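Notes follow the structure.
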């Protein structure tokens, strides 16, 4: 499975649902997608920083089989502090087997670039790739069932 250390959303519904049900560590941000000339620009701004900017030139209709995601699902560490002073927090490692289906004619691949702005509050820059082999952009449907607790930390 994969682990996603940084997840950003621009609405409170996915923030609370993802955090409370699966334990995803989500944060609020301004997220934008812009069609500019021959490229699509995705941008994440938070607390006055443009923490991520990605560009993709949609050169061909792509298949989800080309995306190097793990088929094993996504791990999350669900952490809920105790309501009692000195009590034990809830800590669970959760695996969720989500499924993303690209909409026909609306998923593309091509040349890409990504820029991370350094921020110690949101240190996404530590994930800066050494080499970019391509990028993807498109529309699709995400099915996210309930997860499976694979470990409880006592």
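The values are calculated or read from the model by the stated rules, or taken from the named source; none is laboratory data. Computed from a prediction, not measured in an experiment: that's the story for all the values here. As a convention, Cβ positions derive from the backbone with ideal geometry for all residues, glycine included, and neighbour counts pool all protein chains shown.
Kindly provide the set of residues from the stretch 78-115 that are under 30 Å from residue 41 (Cα atoms), outside any strand (DSSP E or B) and modelled with pLDDT under 95, ordered by number.
97, 98
State whether one or more residues within the stretch 14-33 are part of a loop (DSSP other than H, G, I, E, B), closer than 19 Å to residue 123 by Cβ and touching a helix residue (DSSP H, G or I) at 6+ places or on another chain (Cβ under 8 Å).
Yes; the residues of the stretch 14-33 include at least one that is part of a loop (DSSP other than H, G, I, E, B), closer than 19 Å to residue 123 by Cβ and touching a helix residue (DSSP H, G or I) at 6+ places or on another chain (Cβ under 8 Å).
Kindly establish whether residue 41 is farther than 22 Å from residue 142 by Cβ and surrounded by 13 or more Cβ atoms within 10 Å (Cβ to Cβ).
Working: farther than 22 Å from residue 142 by Cβ: no; surrounded by 13 or more Cβ atoms within 10 Å (Cβ to Cβ): yes.
In short, no.
Across the stretch 117-138, what is the number of residues that are more than 15 Å from the chain's Cα centre (by Cα) and surrounded by 11 or more Cβ atoms within 10 Å (Cβ to Cβ)?
5
Scanning the stretch 44-62 for residues that are part of a loop (DSSP other than H, G, I, E, B) and in contact with a strand residue (DSSP E or B) (Cβ under 9 Å, 6 or more places away or on another chain), which turns out nearest to residue 137 (Cα to Cα)?
For the stretch 44-62, the residue satisfying everything is 58.
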